[in-house]
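Only one structure is covered here, and it is reproduced in the block below.
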Amino acid sequence: MNMEISRRSFLKGAGAGVAATTIGAFGFGEAEAAFVAELRPYKLAGTTETRNTCPYCSVACGVIIYSKGDIAQGNAVAMHLEGDVDHPTNRGTLCPKGAALLDFIKSETRLTKPKVRRAGSDKFEEISWNEALDNIARLMKDDRDANFIERNMDGVQVNRWTTTGFLAASATTNETAFLTYKAVRSTGIVAFDNQARV
Ligand code: SF4
């Protein structure tokens, strides 16, 4: 777990500790006890660390999210976040947007479930991930079957699917990005992009 002690709080604590120790050497040991009693409990004690990627921009900085609760049960609550010092991209640093990610996570307007606006409707309705993925797969299959171009006018095999586009995210590992690229291109999709244009 990354210890989070600022230089100011360390010097303050160390200075007070030295003073209390000095006082203790003169027989005032209770001063140290009072100092220790005043220290706040370490706020990250008992938290779970989860590595993740900042979703804001294509730099894709690594972050560590500290949460309390059971992640498997879906009731974990993120309570602290910091840059991942082991991440090769940012080495523990975060820009102001990344440093404010906790507000993004806890935002009331954050979309956490898939929604669909059905044909003819004027509003979005929540659906399950399974339904969303089934819908997407169905629409893609139907469109590809109807519009796939196997050969151009000269009879050259081109295997193009130009009527559907795919927007991916660059906030992934190289391996995930490679597999995404291979999967999308294997369908014949030409319009394929992400925010990093890679
Ligand atoms: S921390 Fe800042 S620079 Fe890094 S990915 Fe997030 S927005 Fe981009």
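The values are calculated or read from the model by the stated rules, or taken from the named source; none is laboratory data. All values reported here derive from a predicted model rather than from experimental measurement. Please note: Cβ atoms are built from the backbone with ideal geometry, for glycine as well, and neighbour counts cover all protein chains shown. Remember, those area values only see protein heavy atoms, side chains included, never the ligands or the DNA or RNA. Shrake-Rupley method; radii C 1.70, N 1.55, O 1.52, S 1.80 Å.
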*Here are some residues: Asp154, Asp143. Which one is without any contact (Cβ under 8 Å) to a residue 24 or more places away in the chain, among the charged types (D, E, K, R), part of a helix (DSSP H, G or I) and not assigned by TED's automatic domain parsing to the domain that holds Arg51?*
Asp143
*When residues of the range 100-126 are limited to those that are small (Gly, Ala, Ser) and open to solvent by less than 70 Å² (accessible area, probe 1.4 Å), the one farthest from the ligand (Cβ to nearest atom)*: Ser121
*Restricting attention to the range 127-138, which residues are outside any loop (DSSP other than H, G, I, E, B) and either among the acidic types (Asp, Glu) or surrounded by 11 or more Cβ atoms within 10 Å (Cβ to Cβ) (or both)?*
Glu131, Ala132, Leu133, Asp134, Asn135, Ile136
*Qualifying positions in the range 157-189 - aliphatic (A, V, I, L, M), open to solvent by less than 90 Å² (accessible area, probe 1.4 Å) and in contact (Cβ under 8 Å) with a residue 24 or more places away in the chain*: Ala168, Ala169, Ala171, Ile189
*Considering each of Lys113, Lys123 in turn, give the residue that is at pLDDT below 95 and basic (Lys, Arg).*
Lys113
*Six or more apart or on different chains, Cβ under 8 Å: which pairs go from a residue in the range 85-104 that's farther than 8 Å from Gly62 by Cα and among the polar types (S, T, N, Q) to one that's within 10 Å of the ligand (Cβ to nearest atom) and not in a loop (DSSP other than H, G, I, E, B)? Could you list them?*
Thr93/Gly83
*Of the residues Ala60, Ala72, Ala78, which is closer than 26 Å to Ala132 by Cβ, touching a residue at least 60 places away in the same chain (Cβ under 8 Å) and either away from the ligand (no atom under 14 Å from the Cβ) or not polar (S, T, N, Q) (or both)?*
Ala60
_When you check Lys141 against the structure, is it closer than 25 Å to Val190 by Cα, open to solvent by 60 Å² or more (accessible area, probe 1.4 Å) and away from the ligand (no atom under 11 Å from the Cβ), yes or no?_
yes
